[in-house]
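See structure below.
The values are calculated or read from the model by the stated rules, or taken from the named source; none is laboratory data. Everything numeric here is computed off the predicted structure, so don't read it as measured data. For neighbour counting, all protein chains shown are included, and Cβ atoms are generated from backbone atoms with ideal geometry for every residue, glycine included. Ligands, DNA and RNA are stripped out before the accessible areas are found, and what is left, the full protein with its side chains, is counted by its heavy atoms. Shrake-Rupley method; radii C 1.70, N 1.55, O 1.52, S 1.80 Å.
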Amino acid sequence: MATTDVVVTGLGATTPLGGDVASTWEAMLAGRSGVGPLTQEWAAQLPVRIAAQLTVDPSEKIDRVKMRRLDRSEAIALIAAHEAWADAGLADSGLDAERLAVSVGTGIGGAQTLLAQDDILEASGPRRVSPHTVPMLMPNGPAAWVGLELGAKAGVHSVASACATGAEAISLGLDLIRAGRADVVVAGGTEAVVHQLPIAGFASMRAMSTRNDEPEKASRPWDKGRDGFVLGEGAGVVVLERADHAAARGARIYARLAGAGITSDGYDIVQPHPEGLGATRAIAKALADAGVSRTDVTHVNAHATSTPVGDMAEIASLRAAVGDHPVLTSTKSMTGHLLGAAGAIESIATILSVRDSVIPPTINLDDPEDGLLDVAAHKPRQHDIPAALNNSFGFGGHNVALIFTRV
Amino acid sequence: MTRDEIIAGLAEILEEVAGVNPDDVAEEKSFTDDLDVDSLSMVEVVVAAEEKFDVKIPDNEVQNLKTVGDAVSYIESNA
C-alpha cells in the first residue's frame with residue numbers, strides 16, 4: 001500500500017486546563033480538573049451549573065477591536081492556529097500559499113453571537129444588529145479566519161460532525177495531503193458554547209452531569225457514579241505535513257498520522273449503536289488504513305464522555321477491534337467535553353503520549369465499571385506506545401478513529 | 001454643536017468601532033483610504049453616529065460620506 005506519509009509538525013491549543021499546549025499538557029499529567037461552577041447570573045435557573053471554561057480569555061491575546069468581529073469560537077481557533085503555526089516553524093518558511101489548506105470545524109458554531117444579536121434585535125431593533133453577525137455565526141467562520149490569517153489558498157474546509165468534528169477535520173487534512181491537494185494542512189476543531197441555551201438543550205436530553213456541588217468530580221468516565229458529560233470550551237489545532245516536505249525543511253516531527261477510519265451508524269440521530277458496531281468498524285478501518293497491527297496499539301485516548309451508556313459501549317468496540325491489551329485514558333475527565341474541539345484536543349494529547357511514552361490519567365475513576373479495560377486511573381502512566389488510537393463519536397452517528405504512530 | 005465637537009464625537013466612535021487613533025481623525029481624512037475603516041465597520045460608525053448626534057443617515061447617503069469632513073457637514077446640517 002503506497003500512500004503518502006503524513007506527519008504532525010505543530011500543535012496549538014487553548015483549553016480549560018491552560019492557554020496553550022504546554023500548560024494544558026502539564027495540567028493533564030498533573031491530573032488537574034478544569035471544571036468549575038458557573039457563576040454567571042443566567043446559570044442560577046439551570047439544572048446544570050458547572051462547566052469547563054477557558055483559563056485564558058481570548059481577549060487577553062486578541063485586541064478589543066478585532067474581538068468585535070470574532071465569535072468566541074473563531075477567536076480561540078485563531079489563537080490555537082497561530083500557536084501551531086509558530087510551533088511548526090512555518091511562519092518564515094516560504095511555504096507556497098497554494099499548497100496550504102485549512103480544515104477547522106466546529107460542532108455548533110457561533111451560537112453565542114446568534115443569541116447575543118437576537119437579544120439586541122429584540123431590545124433595540126434590526127438596525128442595531130451588528131454587521132459582523134453573519135461572518136461571526138457562520139460555521140465555516142473559524143476555518144475561514146484561520147485561512148485568512150495564515151494566507152492559505154489551497155482551500156478552507158469546515159467539517160461538522162458534532163462531537164467527532166475535531167477528529168474528522170484532522171482526518172480530512174490527512175486525505176487532502178494524500179490526494180495531493182496540499183502539502184500542509186492546519187487542522188482541528190473549536191467550540192465555545194458555554195451559554196444557557198446550549199446547556200439547557202443538552203440538559204433537557206438528560207445528557208449532562210448535574211453534580212453541581214462537586215464540579216471537579218463531575219466528569220468521571222467509566223466510574224459507576226457517572227451521570228453525564230460536563231460541557232467544556234476550547235480549541236485545538238495541529239499542523240499536518242507531507243513527510244518528505246517536513247523532512248526537506250528539517251522540521252521537528254511529533255508523530256506520524258498513520259491512518260483514519262470513518263463510519264456512520266445508520267441507527268439513531270443521537271443514540272450510538274448499542275453494541276458499538278459503527279465505532280468498531282471505524283477502529284478496524286483506521287487500523288487497516290494505517291497498516292498498523294492491533295498489538296502495536298498500546299494506548300487509546302477514548303471518546304468516553306462520562307455518560308452512562310456511551311462509555312461502556314466504547315469498551316465493547318475496543319475489545320472487538322483492538323483487544324484487551326491497550327491502556328486507556330479519557331482526558332475528558334479533566335477537560336470536560338469540548339464537543340467540536342474534543343477530537344482535536346484529544347489528538348494533541350494522543351500525539352504527546354506517543355512522543356513522550358506517557359499516558360495522562362483519567363481522574364475520578366474511584367469505582368470502575370465491571371468489565372473495564374486497563375485505564376490509567378488517577379496518575380499518569382509511563383508506557384511504551386508505538387501506536388495510539390484516538391476515538392471520537394458524535395450525535396448523528398458519526399464515528400472517527402485516528403491512529404498516530406511514533407517516529 | 002461646532003464642527004470640532006462633531007469631529008471629537010466621530011473620533012470617539014471611530015476609536016470604539018475600528019480602533020482608529022483619535023489624533024488621526026481630521027476633516028480631510030478619507031474613512032476607507034486614510035483611516036482603514038472597512039465597509040462593515042462603516043455601517044457600525046453610521047449607526048453609532050445616528051444615535052450620538054440624533055440624526056438619520058439613510059443608506060443612500062452613506063456613499064457620499066467619503067471623508068470625515070463630509071460626515072461632519074451632513075451631521076451639522078441634518079441634526
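Things worth noting here:
- Failed condition for A:Gly228, given (1) closer than 15 Å to A:Asp183 by Cβ; (2) of a type outside the set (A, V, I, L, M); (3) crowded, with 20+ Cβ neighbours inside 10 Å: (1)
- Where a residue in the stretch A:171-183 is open to solvent by 10 Å² or more (accessible area, probe 1.4 Å) and its partner, wherever it lies, is modelled with pLDDT under 95 and of a type in the set (Ser, Thr, Tyr), with Cβ under 8 Å and at least six apart: A:Arg178/A:Thr3; A:Arg178/A:Thr4; A:Gly180/A:Thr4
- Scanning the stretch A:311-332 for residues that are touching a Phe, Trp or Tyr at 6+ places or on another chain (Cβ under 9 Å) and surrounded by 24 or more Cβ atoms within 10 Å (Cβ to Cβ) gives A:Glu314, A:Leu328, A:Ser330, A:Lys332.
- Of A:Thr295, A:Thr263, all but one fail to be buried (at least 18 other Cβ atoms within 10 Å of the Cβ) and of a type in the set (Val, Ile, Thr); the exception is A:Thr263.
- If you go through the stretch B:40-56 and keep only what is away from chain A (no Cβ under 11 Å) and not aromatic (Phe, Trp, Tyr), you end up with B:Ala49, B:Lys52, B:Asp54, B:Val55.
- Number of positions in the stretch B:1-36 that are farther than 28 Å from A:Ile62 by Cα and open to solvent by 50 Å² or more (accessible area, probe 1.4 Å): 7
- Strands (runs of 3 or more DSSP E) (entirely within the stretch A:217-333) containing at least 1 residues that are under 25 Å from A:Val186 (Cβ atoms): A:234-242, A:255-264, A:297-301
- Residues in the stretch B:65-79 that are at pLDDT below 95 and part of a loop (DSSP other than H, G, I, E, B): B:Ala79 alone.
- When residues of the stretch B:18-39 are limited to those that are modelled with pLDDT of 95 or more and under 14 Å from A:Arg69 (Cα atoms), the one farthest from the other protein chains (Cβ to nearest Cβ): B:Val37
- In the stretch A:299-310, the residue that is farthest from A:Leu402 (Cα to Cα) out of those that are polar (S, T, N, Q) and open to solvent by less than 20 Å² (accessible area, probe 1.4 Å) is A:Ser306.
- The conditions of being away from chain B (no Cβ under 14 Å) and at pLDDT 95 or above are met by A:Thr165.
- Residue in the stretch A:4-12 that is touching a residue at least 40 places away in the same chain (Cβ under 8 Å) and within 26 Å of A:His195 (Cβ to Cβ) present: yes
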